[in-house]
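Novice: Below you will find the structure I want to go over with you.
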Amino acid sequence: MRNTPSFVLTDPAEIRRLIRENPWATLVSHTSTGDLVASHYPMLLEESVSGTDTDSGELVLVTHVGRPDEQLHELGQHEMIVIIQGPHGYVSPGWYDANPAVPTWNFITAHLYGTPEILSAEENLLVLDRLVDHFEERLPEPRRLHGTAANSAYADRISAGTVGFRLRVTRVVAKSKLSQNKPPETVDRIISELEGTGPYASVNLAAEMRRAHGRLSRAARAGDGS
């Protein structure tokens, strides 16, 4: 991913938020055979009960894959990239105030590198529990993995078809390209279009832009001493 200094995302809290809010990840491995392998699975931060990251402060992810993806990726044998994609969308040059202009694409994403650690069957089941609880808890009547005796027996049986792993992130390349290089009036117009009803409307992308430019404004005021 191209390094553009004005778009680099380094804030650990923002990277963790990106993962929490966009758990559907792309897993990419370059295997010993020279093949590129990609799979898609939900990914969670490994966090303590208090909601913070592991005691060491490192960025750690957990998930599972369905067999035989663990063999296709050669899990545990080499580095993997986990790609987290946040809100993104088309930005028309017609939304700019000046001419000439060209279209662009705004987005927020993170590439997380590390070598997977295969989980035991017991740890894998705990991770599966967490994944189900994470998504079910928003529903009025959550269906837990071990909510009933029947569900529990079924979950214990089918979990053998999955392989859990932990990824301790050793390198992060993250980018938040949200028109930080545009003047405030242009940013306001882009946000207005994204919050509108047009074919490229995206309220989630607009919210990310508001968040990013709010941080820039606060940083600028702090730098001025105001």
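The values are calculated or read from the model by the stated rules, or taken from the named source; none is laboratory data. Values in this document were obtained by computation on a predicted structure and should not be read as measured data. Here Cβ is always computed from backbone atoms with ideal geometry, including for glycine, and neighbour counts include all displayed protein chains. The area values use the complete protein model at the heavy-atom level, side chains included, leaving out ligands, DNA and RNA. Shrake-Rupley method; radii C 1.70, N 1.55, O 1.52, S 1.80 Å.
Novice: Could you please find all residues in segment 64-90 being over 17 Å from residue 172 (Cα atoms), free of Cβ contacts under 8 Å to residues at least 60 places away in the same chain and either not in a loop (DSSP other than H, G, I, E, B) or not charged (D, E, K, R) (or both)? Give the steps one after another, and end with the answer.
Specialist: Kept after step one, since they are over 17 Å from residue 172 (Cα atoms), are these residues of segment 64-90: 64-77, 87-90.
Now drop any that are not free of Cβ contacts under 8 Å to residues at least 60 places away in the same chain, which leaves 68, 71-74, 77.
Residues satisfying the conditions are 68, 71, 72, 73, 77.
Novice: Testing residue 190 on (1) open to solvent by 70 Å² or more (accessible area, probe 1.4 Å); (2) in contact (Cβ under 8 Å) with a residue 12 or more places away in the chain; (3) assigned to a helix (DSSP H, G or I), one condition comes back false. Which one is that?
Specialist: (1)
Novice: Residue 175: part of a strand (DSSP E or B) and within 24 Å of residue 8 (Cα to Cα), yes or no?
Specialist: yes
Novice: Under 8 Å between Cβ atoms, which residue pairs at least 6 apart in sequence (or on different chains) link something in segment 148-174 that is within 19 Å of residue 63 (Cα to Cα) and at pLDDT 95 or above with a partner that is open to solvent by less than 20 Å² (accessible area, probe 1.4 Å) and part of a helix (DSSP H, G or I)?
Specialist: Cβ pairs passing all conditions: 159/124; 162/124; 163/124; 164/124; 164/127; 172/15.
Novice: Among the residues that make up segment 209-221, is at least one of them modelled with pLDDT of 95 or more, farther than 30 Å from residue 101 by Cα, open to solvent by 50 Å² or more (accessible area, probe 1.4 Å) and of a type in the set (Lys, Arg)?
Specialist: Within segment 209-221, none of the residues are modelled with pLDDT of 95 or more, farther than 30 Å from residue 101 by Cα, open to solvent by 50 Å² or more (accessible area, probe 1.4 Å) and of a type in the set (Lys, Arg).
Novice: Given the conditions (1) under 15 Å from the mean Cα position of the chain (by Cα); (2) open to solvent by 30 Å² or more (accessible area, probe 1.4 Å), which single one is not true for residue 115?
Specialist: Only one criterion in (1) under 15 Å from the mean Cα position of the chain (by Cα); (2) open to solvent by 30 Å² or more (accessible area, probe 1.4 Å) is unmet by residue 115, namely (1).
Novice: Going by what's in this entry, would residue 104 be described as open to solvent by less than 70 Å² (accessible area, probe 1.4 Å), under 30 Å from residue 199 (Cβ atoms), modelled with pLDDT of 95 or more and not charged (D, E, K, R)?
Specialist: On the way: open to solvent by less than 70 Å² (accessible area, probe 1.4 Å): yes; under 30 Å from residue 199 (Cβ atoms): yes; modelled with pLDDT of 95 or more: yes; not charged (D, E, K, R): yes.
Answer is yes for this residue.
Novice: Within the set of pairs 6+ apart or on separate chains, which have a first residue in segment 100-113 that is closer than 18 Å to residue 166 by Cα, a second that is assigned to a loop (DSSP other than H, G, I, E, B) and among the acidic types (Asp, Glu), and C-beta atoms under 9 Å apart?
Specialist: If the second residue must be assigned to a loop (DSSP other than H, G, I, E, B) and among the acidic types (Asp, Glu), the pairs left are 113/79.
Novice: While we're looking at this one, here's another question. Here is a list of conditions, (1) of a type outside the set (A, V, I, L, M); (2) open to solvent by 70 Å² or more (accessible area, probe 1.4 Å); (3) out of contact with any strand residue (DSSP E or B) (no Cβ under 7 Å at 6 or more places or on another chain), and residue 130 meets all of them except one; can you say which number that is?
Specialist: Unmet for residue 130, out of (1) of a type outside the set (A, V, I, L, M); (2) open to solvent by 70 Å² or more (accessible area, probe 1.4 Å); (3) out of contact with any strand residue (DSSP E or B) (no Cβ under 7 Å at 6 or more places or on another chain): (3).
Novice: Also: Report yes if residue 137 is more than 30 Å from residue 206 (Cα to Cα) and either modelled with pLDDT of 95 or more or surrounded by fewer than 16 Cβ atoms within 10 Å (Cβ to Cβ) (or both), otherwise no. If you could, list the steps in order and put the result at the bottom.
Specialist: Working: more than 30 Å from residue 206 (Cα to Cα): no; either modelled with pLDDT of 95 or more or surrounded by fewer than 16 Cβ atoms within 10 Å (Cβ to Cβ) (or both): yes.
For residue 137, the condition - more than 30 Å from residue 206 (Cα to Cα) and either modelled with pLDDT of 95 or more or surrounded by fewer than 16 Cβ atoms within 10 Å (Cβ to Cβ) (or both) - is not met.
Novice: Being at pLDDT 95 or above, assigned to a strand (DSSP E or B) and open to solvent by 40 Å² or more (accessible area, probe 1.4 Å) is the filter here, so list the residues in segment 29-63 that pass it.
Specialist: 30, 36, 38, 40
Novice: Kindly provide the set of residues from segment 144-187 that are surrounded by 11 or more Cβ atoms within 10 Å (Cβ to Cβ), of a type in the set (Lys, Arg) and out of contact with any strand residue (DSSP E or B) (no Cβ under 9 Å at 6 or more places or on another chain), ordered by number.
Specialist: Within segment 144-187, 144, 182 qualify.
Novice: Turning to a different aspect of this structure: Please find, within segment 193-208, the residue that is most open to solvent (accessible area, probe 1.4 Å) out of those that are under 20 Å from residue 102 (Cα atoms) and under 20 Å from the mean Cα position of the chain (by Cα). Spell out how you get there, then give the answer.
Specialist: At the first step, the residues of segment 193-208 found to be under 20 Å from residue 102 (Cα atoms) are 193-194, 198-202, 205-206.
Retained after the next criterion (residues that are under 20 Å from the mean Cα position of the chain (by Cα)): 202, 205-206.
Working: 202: 26, 205: 0, 206: 0 Å².
Checked segment 193-208; the qualifying residue most open to solvent (accessible area, probe 1.4 Å) is 202.
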